[in-house]
There are 2 protein chains.
Amino acid sequence: MNLSELRYTVAVAQERNFRRAAERCFISQPALSTAIQKLEEELGVQIFERSRTEVSLTGIGERLVEQAQRVLEEAERVRSIAREGRDQLVGVLRLGVIHTIAPYVLPDLIPVLHARAPEMPLEVEESTTAQLEAHLKNGQVDVVILALPFASPGIEVLPLYDEVFEVVVPAAHRWARKRAIGAAQLAEERVLLLNSGHCFSNQVAEACPEVGRVPGNGMTPGNSLETIRNMVASGSGVTVLPATANSDKYRSALLCVVPFTAPAPSRRVALAWRRSFGREKAVEALAQSLRTLSLPGVTLLPA
Amino acid sequence: MNLSELRYTVAVAQERNFRRAAERCFISQPALSTAIQKLEEELGVQIFERSRTEVSLTGIGERLVEQAQRVLEEAERVRSIAREGRDQLVGVLRLGVIHTIAPYVLPDLIPVLHARAPEMPLEVEESTTAQLEAHLKNGQVDVVILALPFASPGIEVLPLYDEVFEVVVPAAHRWARKRAIGAAQLAEERVLLLNSGHCFSNQVAEACPEVGRVPGNGMTPGNSLETIRNMVASGSGVTVLPATANSDKYRSALLCVVPFTAPAPSRRVALAWRRSFGREKAVEALAQSLRTLSLPGVTLLPA
DNA sequence: GCCGCGTGATATTCTTTGACTATCACATCG
DNA sequence: CGATGTGATAGTCAAAGAATATCACGCGGC
């Protein structure tokens, strides 16, 4: 039994004539006859009574045709579901974002992406790179916004922009008026950083090796740069933040942002997704949307 | 898209592993892979995400699999309906019977046939041979009980039994005490018969040509031999009835039944059905049931 | 860090299936 | 009685579906 046979059966039932039914099915009459015979044989039941003059349904044939129609309708719904799903910009996109990017990029990103792909709701997971990598691989998220370096088998990576780091000190700090600060100078201060589960802390430590030598650094619990910013404002020390975390929105009278002396340390932000994730258009829409945001301290990479 | 592809898709969705799914479908893994690819291609949608390590459903894939299952369920119901219909002794049998047989045979036939085929309800149409032939050919009835001669293209005929004719006269009639009456003698009397739409009247007229010469004969309106019997009881004339119409059940003090002198005229009763009517078992059950009735004046024919 | 294992994809071959054309057998109708 | 229209049958062929053999690629153990 296959869908063609059911389609032919319904056609014969409606036309009550093999030739006309065959025409309607775009096949020859013998092909139709043998198809119906094959189905009747397989089902072990006579569906039609053929006299020379006319075709009629047997009692059981009537029930079978009715049910065959139901099968064909449900099959048609498969096609219609597929039609709906054809647009890659339709359907939930599960997006992972590292803690040190999410709060500073998502508020701007979401409206832009929504304008570009209005039928693609986001489900956002904010976490660490390690966690997001695992969830990316097991399919719990589809695309991740993270900082390089990052590589993983089966995972595609698209670098998007570079973002400089900046020093944040209390407003009353002796560095508050400085034009720029060298990385080595950070060794003089207590530098508050997120714990080492966060790539950003490691990148700061790498860019400013002197920081690592100061005891008490890098011990902050929690996952939020905002906590650190508050601690700095309260005079617990200084910190280094990515530029997007220092946009006007986060300005405070208690804090001063001071750039690094050139070359300022920075991180490269990228998208990552499973190579097998089929919705390239969705990834592209996300990348384009991120590129159109004008974020402070950010240099776009060529597409 | 065909049912196999849907079946394979559901299997992969359940196993989340092409090899195991292929095994469950009794096909090779490559065959499964290509089948799924073909379906995805046709639908223009990716159903599964294949990483080296595991298979998972895309968003649209989940909906498609669910719908595919629905299609398969409905297809399975086609098979189950066919299974039910496989028994030819299940389902309505539309039976046509001529007026001069129905009232005398059906009351005995129905319980016997019901015992033989309890799941085969009868729909009975009582009519003339001409009308029944038309209804048989256009499918309004399936099998007909009638009197020979009868032949029609595409119609199968099975003779069942011979039934003698008998003369019926009022109890006070001068023939009431006779042992037998010759056909020619009927010319002496007013013989009441059904109108010529009924084969029985014609057969009587043929067996007793003298009857035709008496004016006023064969004019009875209506389709019932009982009307004629009542007319005879009331003294309007005499008549000829088939033996089954004279069983004990219909005996009356006002009437006497007198046999013809040998060789008594008779009619041959038969079944007729469309050659294309597939339920030979149902016809056979009907024939066997009729043979087991012990009807008066009836001689069974060899099967 | 390399090798073996398990995964799905691909290439090639072969069988099966579905469809075509040509033709038949049969009933109907002028 | 021949013309017409019906579904069935015969013979042929191309396309679909499946099998075997093999590949490419992650992963996990040593």
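Here are a few things to note about the model shown:
- Residue match in segment A:149-161 (condition: in contact with a Pro (Cβ under 8 Å, 6 or more places away or on another chain), modelled with pLDDT of 85 or more and assigned to a strand (DSSP E or B)): no
- Scanning segment B:84-103 turns up at least one residue that is over 30 Å from B:Lys249 (Cβ atoms), among the small types (Gly, Ala, Ser) and facing another protein chain (nearest Cβ under 9 Å).
- Among the residues of segment B:191-210, the ones that are part of a loop (DSSP other than H, G, I, E, B) and open to solvent by 40 Å² or more (accessible area, probe 1.4 Å) come to 3 in all.
- Scoring B:Arg63 on the criteria (1) farther than 22 Å from A:Gln69 by Cα; (2) open to solvent by 40 Å² or more (accessible area, probe 1.4 Å) leaves a single failure, condition (1).
- In summary, A:Tyr8 fulfils each of the numbered conditions (1) in a helix (DSSP H, G or I); (2) closer than 22 Å to B:Trp273 by Cβ; (3) within 14 Å of DNA strand D (Cβ to nearest atom) with the single exception of condition (2).
- Identity of the residue in segment B:22-49, more than 11 Å from DNA strand D (Cβ to nearest atom) and farther than 25 Å from A:Glu76 by Cβ, that ends up nearest to the other protein chains (Cβ to nearest Cβ): B:Glu49
- Residue list for segment B:134-148, filter: surrounded by fewer than 20 Cβ atoms within 10 Å (Cβ to Cβ) and in contact (Cβ under 8 Å) with a residue 40 or more places away in the chain: B:Lys137, B:Gly139, B:Gln140, B:Leu148
- Among the numbered conditions (1) without any contact (Cβ under 8 Å) to a residue 24 or more places away in the chain; (2) away from chain A (no Cβ under 13 Å); (3) surrounded by fewer than 21 Cβ atoms within 10 Å (Cβ to Cβ), the only one that B:Asn2 does not meet is (2).
- If the condition is being more than 16 Å from DNA strand D (Cβ to nearest atom), among the basic types (Lys, Arg) and either surrounded by 20 or more Cβ atoms within 10 Å (Cβ to Cβ) or assigned to a loop (DSSP other than H, G, I, E, B) (or both), then segment A:250-280 contributes A:Arg251, A:Arg267, A:Arg279.
- Residue list for segment A:192-206, restricted to those being under 17 Å from A:Ala264 (Cα atoms) and touching a strand residue (DSSP E or B) at 6+ places or on another chain (Cβ under 8 Å): A:Phe200, A:Ser201, A:Gln203, A:Val204
- Being away from DNA strand D (no atom under 16 Å from the Cβ) and at pLDDT below 95 is a property that holds for B:Leu57.
- Within segment B:30-48, the set of residues being closer than 18 Å to A:Ser276 by Cα, free of Cβ contacts under 8 Å to residues at least 24 places away in the same chain, near DNA strand C (Cβ under 10 Å from one of its atoms) and among the hydrophobic types (A, V, I, L, M, F, W, C) is empty.
- Any chance A:Leu89 is buried (at least 18 other Cβ atoms within 10 Å of the Cβ) and among the aliphatic types (A, V, I, L, M): no
- When we screen A:Val55, A:Val92 for residues that are more than 11 Å from DNA strand C (Cβ to nearest atom) and within 47 Å of the chain's Cα centre (by Cα), the only hit is A:Val92.
- All of B:Thr244, B:Thr227 fail the test of being among the polar types (S, T, N, Q), open to solvent by less than 30 Å² (accessible area, probe 1.4 Å) and outside any strand (DSSP E or B), apart from B:Thr244.
- Among the residues making up segment B:50-74, those that are within 7 Å of chain A (Cβ to nearest Cβ) and outside any loop (DSSP other than H, G, I, E, B) are B:Arg50, B:Ser56, B:Gly59, B:Ile60, B:Arg63, B:Leu64, B:Gln67, B:Ala68, B:Arg70, B:Val71, B:Glu74.
- Note on segment A:8-29: residues that are within 9 Å of DNA strand C (Cβ to nearest atom) and within 45 Å of the chain's Cα centre (by Cα) total 3.
- Scoring A:Val169 on the criteria (1) within 16 Å of the chain's Cα centre (by Cα); (2) of a type in the set (A, V, I, L, M); (3) crowded, with 20+ Cβ neighbours inside 10 Å leaves a single failure, condition (1).
The values are calculated or read from the model by the stated rules, or taken from the named source; none is laboratory data. Since the structure is predicted, the reported quantities are computational estimates derived from the model, not experimental observations. Don't worry about glycine lacking a Cβ; one is built from the backbone with ideal geometry, like all the others, and counts go over all protein chains shown. These accessible areas exclude ligands, DNA and RNA; they are computed on the full protein's heavy atoms, side chains included. Shrake-Rupley method; radii C 1.70, N 1.55, O 1.52, S 1.80 Å.
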